[in-house]
Amino acid sequence: MAPTSDGFHVYDTTLRDGAQQEGLALTVADKLAIARHLDELGVGFIEGGWPGASPKDTEFFRRAQTELTLHNAQLAAFGSTRRAGTKAADDPLVAALREARTPVVTLVAKSHALHVEKALRTTTDEGLAMLRDTIDHLRSEGARVFIDAEHFFDGYRYDPKYAVEFVRVAAESGAEVIALCDTNGGMLPNEVADAVGEVLAASSAKLGIHCHNDAGCAVANTLAAVDAGATHVQGTLNGYGERTGNADLVTIVANLELKRRMKLLAGNGLQESTRISHAVSEITNVPPYARQPYVGASAFAHKAGLHASAIKVDPDLYQHVDPSLVGNDMRLLVSEMAGRASVELKGRELGYDLSSDREAQTRLTDRVKELEARGYTFEVADASFELLLLEVLEGARRRWFEVESWRALMDARGGEVALAEATVKIHAAGERHVATGEGNGPVNALDAALRLALCAAYPVIDRFSLVDYKVRIVDTGHGTGAVTRVLIETGDGSGETWTTVGVAANIIEASWEALVDAMSFGLLRAGVEPVPAKPTE
Ligand SMILES: CC(=O)SCCNC(=O)CCNC(=O)[C@H](O)C(C)(C)COP(=O)(O)OP(=O)(O)OC[C@H]1O[C@@H](n2cnc3c(N)ncnc32)[C@H](O)[C@@H]1OP(=O)(O)O
Ligand SMILES: CC(=O)C(=O)O
C-alpha cells in the first residue's frame with residue numbers, strides 16, 4: 001500500500017550526524033547558513049547539533065534564537081537521556097537541551113539491551129527509567145520529544161522483547177516519534193522492513209527511520225521502512241555522516257516524491273535540490289560527488305552513442321526521471337563512444353544546429369574518435385570540442401593569431417629550478433608581437449608570455465586567468481616517452497570557465513596546445529572576430 005504524506009516528517013540531521021563526517025568541520029556561521037538552505041529546501045525539521053556537548057553547538061542554538069528565521073522547518077536540539085543513577089532535572093546535558101529553547105528535542109537512547117549493560121554499565125530497567133524520566137522532564141518543560149532509538153535493529157535481533165518494550169515506554173511517556181536507528185549501518189532492506197512491520201503490529205507508536213550507509217543500503221533501508229509503515233525519515237544532505245555516511249535525504253525525498261507520489265517538501269523544494277546540494281558543498285568544502293543520485297553533475301550525463309540516438313527521439317528513453325524535476329540538467333558527453341546523434345545533441349547544447357547536415361555529423365564524429373584514439377578527451381574539454389566543431393563546419397580552424405615561434409627555458413641552480421622563462425612570437429591584428437614571460441615553471445612562463453603578446457592586440461585577454469591545470473600520462477607503456485594529456489581550465493573573472501585539451505609526447509608542447517585553445521576560445525566567447533581563415537591542411 002502506498003504511504004500517504006499527511007503527517008509524514010522529513011527530518012534533517014546534516015548539522016548533527018552529518019557533521020560527524022571525517023574531515024568536516026563547520027563554524028557556527030556555516031551551520032546557520034546550512035540551516036537556511038535546509039529551510040529553503042522545505043524539510044520539516046532541522047537537527048542543529050548537541051547543545052552542551054561543545055561550545056560551538058551551544059553557541060549555534062543561542063544565535064539561532066535571534067539570527068535564524070525559519071519559514072518551513074522546526075529546529076530540534078539533540079542530546080542523550082540523563083545518565084544512569086541521576087535525575088533528568090539535575091543532568092547538565094539535559095539542562096543544555098532545555099536552554100537551547102527549541103520546539104523539538106531529540107533524545108538518543110539505547111534500545112539494545114547489551115549496550116545498556118555494557119556501554120552504560122547499568123540494568124535494562126534503569127535504561128528504561130532514564131528514557132521515561134528524561135521524556136517526562138522535557139515534556140513538562142514544554143518540548144516536543146522525539147527519540148532516536150540507537151542500535152535498534154541490532155538490538156531487536158538480540159533481544160526483541162526489550163527493544164519493543166523500549167518503544168512502548170517511549171511512546172507511553174509522550175515521545176511523538178520513535179526513530180529506529182540502524183546505527184552501525186549493517187542492515188538489509190528485508191530486515192528493516194520486517195522489524196518495522198513487527199514493531200508496528202505490537203505498538204501504536206509513530207515510527208521513524210534513521211539509517212547509516214555501511215552496507216550501501218541506507219536509502220533502500222529507509223524506503224523499506226517507509227513501505228512497512230514508518231512515517232518519519234531522517235537523513236543528511238549529500239549523505240554526509242560518520243564512516244560511510246547517513247542516508248542521503250535528497251535521494252530519499254526524490255524517490256518518495258517522484259516515485260511514490262508523496263508531497264513531502266514545502267514549496268518547490270525538490271526543484272531547488274540540485275542548487276541547494278551544491279551550495280551546501282561550498283559551505284562544507286567537501287567537493288560535490290558527481291555520481292550522486294538525482295543532483296550529481298553526472299546524474300543525467302550521457303556518453304554512449306546509442307543512448308544519445310534514442311535521447312534525440314525522446315529523453316525519457318534513457319532517463320528514469322526528468323532532470324528538471326530536481327533542478328538538474330541533462331548533458332551530452334562527446335567522446336570516442338559518440339555517434340552522430342551525440343555530436344548533433346552536443347552541438348545543439350552549444351548553440352549549433354547540425355540536424356540537417358548528416359555529413360558534418362559524420363565528419364565531426366570521425367574526427368573526435370580519431371583524436372580520442374591519440375589521447376585527446378573531449379567530454380571534459382567542451383571549449384576544444386567547440387573549436388573542433390567550428391573547424392569541421394567551416395572547413396578551416398578559426399584563428400585569432402598566427403604563431404611564428406615559441407620557446408621555454410629553465411634555469412636550474414644548485415639542483416633547483418630558479419626561474420623559467422619563455423618567449424612567444426605571434427602575429428595578431430596585423431602586427432608582430434614578441435613577448436617574454438617568467439614563471440615558476442615553463443608552462444607558467446609560457447602562459448605569461450602568450451598572454452602578454454596577445455594583450456597588445458586583444459586587451460580582453462587581460463581578464464583571462466588559469467583556473468586549473470591537470471596532466472595525465474595516457475600511454476603508460478612508454479615511460480618518460482609516453483603521451484601526455486593536459487587539460488587547462490580558464491576563467492574570465494565572471495565565474496564562467498572553459499576547459500581545453502592538448503596532447504603531445506612532450507608535456508610543454510601539450511600545454512602549449514591547450515593554452516592556444518584556451519586563449520582562442522576566450523576570444524570566441526568575447527565575440528572577437530578571427531583573422532581570415534586559411535583552409536585546414
Ligand atoms: C549514534 C550517535 O551518533 S549518538 C551521537 C554521538 N555524538 C557525539 O558523541 C558527539 C558529542 N559528544 C560529546 O561531546 C561527548 O561525548 C559528551 C559531551 C556527550 C560526553 O562526554 P563525556 O562526559 O566526556 O563522556 P564520553 O564521551 O566518554 O561519553 C560516555 C558517557 O556518556 C554516557 N552515555 C552514552 N550514551 C548515553 C545515552 N544514550 N544516554 C545517557 N548516557 C549515555 C555513558 O554512560 C558515559 O557516561 P559515564 O562517563 O558516566 O560513564
Ligand atoms: C542517533 C544516531 O545517530 C544513530 O543511532 O545512528
### Positions within the stretch 1-22 being away from ligand 2 (no atom under 16 Å from the Cβ), at pLDDT 95 or above and assigned to a loop (DSSP other than H, G, I, E, B), in sequence order
F8
## Note on the structure
Given the conditions (1) farther than 15 Å from A143 by Cα; (2) open to solvent by less than 70 Å² (accessible area, probe 1.4 Å), every one holds for P55 apart from (2)
### Query
Could you give every pair whose Cβ atoms fall below 6 Å, whose first residue belongs to the stretch 62-78 and is over 16 Å from P51 (Cα atoms) and open to solvent by less than 60 Å² (accessible area, probe 1.4 Å), and whose second residue is in a strand (DSSP E or B) and within 16 Å of ligand 1 (Cβ to nearest atom), counting only separations of at least 6 or pairs across chains?
none
### Query
With (1) more than 16 Å from ligand 1 (Cβ to nearest atom); (2) small (G, A, S); (3) in contact with a Leu (Cβ under 7 Å, 6 or more places away or on another chain) as the list, and A171 as the residue in question, which single condition is left unmet?
(3)
### Query
Which number in (1) over 37 Å from the mean Cα position of the chain (by Cα); (2) open to solvent by less than 50 Å² (accessible area, probe 1.4 Å); (3) within 21 Å of H9 (Cβ to Cβ) marks the one condition that V167 misses?
(1)
### Message
Restricting to the stretch 408-455, and then to whatever is within 40 Å of the chain's Cα centre (by Cα) and polar (S, T, N, Q), can you tell me which residue is least open to solvent (accessible area, probe 1.4 Å)?
### Response
N444
### Message
Need the failing condition index for G208 against (1) open to solvent by 40 Å² or more (accessible area, probe 1.4 Å); (2) over 20 Å from the mean Cα position of the chain (by Cα); (3) not β-branched (V, I, T), just the number.
### Response
(1)
### Query
Among the listed residues N246, N255, which satisfies the condition of being within 24 Å of A266 (Cβ to Cβ) and surrounded by 24 or more Cβ atoms within 10 Å (Cβ to Cβ)?
N246
### Message
Is it the case, given these coordinates, that S204 is assigned by TED's automatic domain parsing to the domain that holds L180 and in contact (Cβ under 8 Å) with a residue 12 or more places away in the chain?
### Response
yes
### Summary
Pairing a residue in the stretch 387-405 that is assigned to a loop (DSSP other than H, G, I, E, B) with any residue that is of a type in the set (K, R) and surrounded by fewer than 16 Cβ atoms within 10 Å (Cβ to Cβ), where Cβ atoms lie under 9 Å and the two sit 6 or more apart in sequence or on different chains, gives A396/K534; R397/K534
### Message
Please count how many residues of the stretch 17-40 are in contact with an Asp or Glu (Cβ under 9 Å, 6 or more places away or on another chain) and open to solvent by 70 Å² or more (accessible area, probe 1.4 Å).
### Response
3
### Task
Being open to solvent by 10 Å² or more (accessible area, probe 1.4 Å) and either in contact with a helix residue (DSSP H, G or I) (Cβ under 8 Å, 6 or more places away or on another chain) or not assigned by TED's automatic domain parsing to the domain that holds D125 (or both) is the filter here, so list the residues in the stretch 176-188 that pass it.
T183, N184, G186, L188
#### Entry: Single residue of L114, L138, L131, L120 found to be open to solvent by 10 Å² or more (accessible area, probe 1.4 Å), within 16 Å of ligand 1 (Cβ to nearest atom), closer than 30 Å to F61 by Cα and without any contact (Cβ under 8 Å) to a residue 60 or more places away in the chain
L120
### Task
For the stretch 27-56, enumerate the residues that are free of Cβ contacts under 8 Å to residues at least 40 places away in the same chain, in a helix (DSSP H, G or I) and farther than 17 Å from H9 by Cβ.
V28, A29, K31, L32, R36, P55, K56
### Message
Is it the case, given these coordinates, that L131 is within 15 Å of ligand 2 (Cβ to nearest atom), touching a Ser or Thr at 6+ places or on another chain (Cβ under 7 Å) and either under 20 Å from E47 (Cα atoms) or outside the structural domain of L75 (by TED's automatic domain parsing) (or both)?
### Response
yes
#### Entry: Count of the stretch 457-476 residues which are open to solvent by 70 Å² or more (accessible area, probe 1.4 Å) and over 14 Å from I488 (Cβ atoms)
5
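Collect the residues in the stretch 62-109 that are among the hydroxyl-bearing types (S, T, Y) and either assigned to a strand (DSSP E or B) or touching a Pro at 6+ places or on another chain (Cβ under 6 Å) (or both), keeping them in residue-number order.
Filtering the stretch 62-109 down to residues among the hydroxyl-bearing types (S, T, Y) leaves 66, 69, 80-81, 86, 102, 106.
Once the filter is applied, which keeps residues that are among the hydroxyl-bearing types (S, T, Y) and either assigned to a strand (DSSP E or B) or touching a Pro at 6+ places or on another chain (Cβ under 6 Å) (or both), the stretch 62-109 yields S80, T106.
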### Task
Pick out the one residue from R260, R291 that is away from ligand 1 (no atom under 16 Å from the Cβ), open to solvent by 10 Å² or more (accessible area, probe 1.4 Å), under 9 Å from the mean Cα position of the chain (by Cα) and at pLDDT 95 or above.
R291
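The values are calculated or read from the model by the stated rules, or taken from the named source; none is laboratory data. Keep in mind the model is a prediction, meaning the values are calculated, not measured. As a convention, Cβ positions derive from the backbone with ideal geometry for all residues, glycine included, and neighbour counts pool all protein chains shown. Side chains are part of the model used for accessible areas, which takes the heavy atoms of the whole protein and leaves out ligands, DNA and RNA. Shrake-Rupley method; radii C 1.70, N 1.55, O 1.52, S 1.80 Å.
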